[in-house]
Amino acid sequence: MKNIKVLIAEDDFLVSGEISRILKDVGYEVVGAASDGKQAIEMTDSLKPDVILMDIKMPKVNGLEATQIIQQSNPTPVVVMTAHESMDMVKKASEMGVSAYLVKPPAKDEIKRAITIAMARHGDLMESNFLNKQLQKEISIRKNTEKLLLERNEDLDAFSHSVAHDLKNPLGNIMGFAGIIKNAHTKLSDEELEKYIGIIIKSAEKTQQIINSLLLFASVRKSDVQTNAINIGDIVAEAINRLTLIIEKSNAIITFPETWPNTLGYAPWVEEVWVNYLSNAIKYGGTPPQIEMGFDADHKINVPKGMRRFWIRDKGPGISSENQKLLFNKFERLEDANTDGHGLGLSIVRRIIEKLGGKVGVESAIGQGSLFYFTLPF
């Protein structure tokens with residue numbers, strides 16, 4: 001692998017630098033970095049790389065046009081890099097002479113796989129029988145990539161709507177009341193100043209909460225963690241401690257078992273699940289909120305073998321069956337639930353628990369409160 005020379009063609013120098021670093025880390029030799037398609041053609045002719053990592057959208061000559069010219073004059077394995085792969089793009093790229101594909105931002109293993117496949121297709125590395133197996137793997141990987149891209153695009157659409165909707169009010173409050181203080185501070189009473197500053201602080205805290213939730217949502221998606229035995233009792237205690245102020249302010253009454261069973265999971269993530277469930281129960285669980293926390297072992301009905309179900313029950317107004325279907329969807333809001341949340345919490349809960357091998361759900365009826373649960377293996 002150390003003798004394999006790679007040319008990078010990417011107009012974003014930050015992306016180019018990061019890819020160069022990854023290539024060097026795994027032992028490839030980076031012979032150059034072109035900033036546009038025309039330069040990529042010229043550098044291929046002079047540097048004679050073994051493989052080219054080619055961005056599609058570049059100035060002067062785009063990546064596909066550059067690939068076609070290179071294949072006519074200096075046939076070289078080309079791996080195209082794109083943020084929006086589609087079957088039409090794959091077909092067109094193949095016609096231009098592209099050998100493999102990468103979705104940006106590429107991971108180390110994906111880069112190695114794509115380069116291996118690209119060079120194998122040119123007959124430089126593999127026997128034909130191994131190549132056939134590798135190509136079959138690529139087909140499967142490409143299908144999974146297409147599914148992942150669709151999910152990413154849906155997430156980005158939902159993300160943009162969520163950010164626009166959720167940040168509009170707190171940022172508007174910050175700008176509006178800060179403007180009032182700036183332009184009329186000499187005319188405002190001490191009480192008015194204190195009130196307006198309080199609104200600004202509260203709005204800033206809301207903005208920070210939204211941003212933190214968005215970052216957690218993204219990190220859970222990308223991160224892989226090692227599960228181990230965790231003490232649910234300690235995690236519940238920490239979650240309650242984090243919510244002490246709103247518990248006291250709402251006069252919430254919370255009951256839970258004296259002892260909790262251990263289970264398999266990742267403590268920081270499971271704590272976020274309990275914090276989310278508990279904060280929702282406090283907000284929507286009646287006045288004052290009456291909340292019960294508990295668990296079921298695998299011998300209980302609807303609890304799969306080898307799993308434990310943990311739950312939180314409130315005595316709030318309950319949730320309709322139609323809205324229950326929407327609760328854990330990404331960035332979903334319930335129009336008739338009188339919620340002031342930012343549509344991320346239960347999406348994060350679902351993503352966390354599913355990555356830890358469990359499931360989430362709700363049992364509720366109008367006028368009868370709600371029970372939110374999650375399952376984890378043990």
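The values are calculated or read from the model by the stated rules, or taken from the named source; none is laboratory data. Bear in mind the structure is a predicted one, so any value in this text is a computation, not a measurement. Here the Cβ is made from the backbone with ideal geometry for all residues, glycine too, and neighbour counts use every protein chain on show.
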Does Trp311 satisfy being assigned to a helix (DSSP H, G or I), within 20 Å of Phe256 (Cα to Cα) and at pLDDT 90 or above? no
Extreme residue, nearest to Met307 (Cα to Cα), among residues of the stretch 248-292 that are free of Cβ contacts under 8 Å to residues at least 60 places away in the same chain, aliphatic (A, V, I, L, M) and not in a loop (DSSP other than H, G, I, E, B): Ala267
For the stretch 65-90, the count of residues that are assigned to a strand (DSSP E or B) and among the polar types (S, T, N, Q) equals 1
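A quick yes/no check of all residues on (1) in contact with a strand residue (DSSP E or B) (Cβ under 8 Å, 6 or more places away or on another chain); (2) among the charged types (D, E, K, R); (3) under 20 Å from Gly316 (Cα atoms); (4) at pLDDT below 90:
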| site | (1), (2), (3), (4) |
| --- | --- |
| Lys187 | no, yes, no, yes |
| Phe217 | no, no, no, yes |
| Gln226 | no, no, no, yes |
| Val236 | yes, no, no, no |
| Arg242 | no, yes, no, yes |
| Ile246 | no, no, yes, yes |
| Trp260 | yes, no, no, no |
| Gly265 | yes, no, no, no |
| Trp269 | no, no, no, yes |
How many residues are touching a residue at least 12 places away in the same chain (Cβ under 8 Å), hydrophobic (A, V, I, L, M, F, W, C), surrounded by fewer than 18 Cβ atoms within 10 Å (Cβ to Cβ) and over 11 Å from Ile282 (Cβ atoms) when one looks only at the stretch 228-247? 1
Could you name every one of the strands (runs of 3 or more DSSP E) located completely within the stretch 5-64 that has at least 1 residues being more than 19 Å from Tyr101 (Cα to Cα) and in contact (Cβ under 8 Å) with a residue 12 or more places away in the chain? 29-34
Please indicate, with yes or no, whether at least one residue in the stretch 111-131 is small (Gly, Ala, Ser), in contact with a helix residue (DSSP H, G or I) (Cβ under 9 Å, 6 or more places away or on another chain), closer than 29 Å to Phe328 by Cα and at pLDDT below 70. no
Filter result (in contact (Cβ under 8 Å) with a residue 40 or more places away in the chain and either in contact with a His (Cβ under 7 Å, 6 or more places away or on another chain) or more than 13 Å from Arg142 (Cα to Cα) (or both)) within the stretch 100-119: Lys104, Pro105, Pro106, Lys108, Ile111, Lys112, Ile115, Ala118, Met119
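Counting just the residues of the stretch 352-369 that are of a type outside the set (Gly, Ala, Ser) and either at pLDDT below 85 or closer than 18 Å to Ile282 by Cα (or both), which one comes out surrounded by the fewest Cβ atoms within 10 Å (Cβ to Cβ)? Lay out the reasoning, then the answer.
At the first step, the residues of the stretch 352-369 found to be of a type outside the set (Gly, Ala, Ser) are 352-356, 359-360, 362-363, 366, 368.
Those left that are additionally either at pLDDT below 85 or closer than 18 Å to Ile282 by Cα (or both): 362-363, 366, 368.
Values: Val362: 16, Glu363: 15, Ile366: 11, Gln368: 13.
Applying the filter and picking the extreme gives Ile366.
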If you go through Gly37, Gly27, the only one that is modelled with pLDDT of 90 or more and over 25 Å from Thr145 (Cα atoms) is Gly37
Within the stretch 37-68, work out how many residues are surrounded by fewer than 19 Cβ atoms within 10 Å (Cβ to Cβ), charged (D, E, K, R) and at negative phi. 5
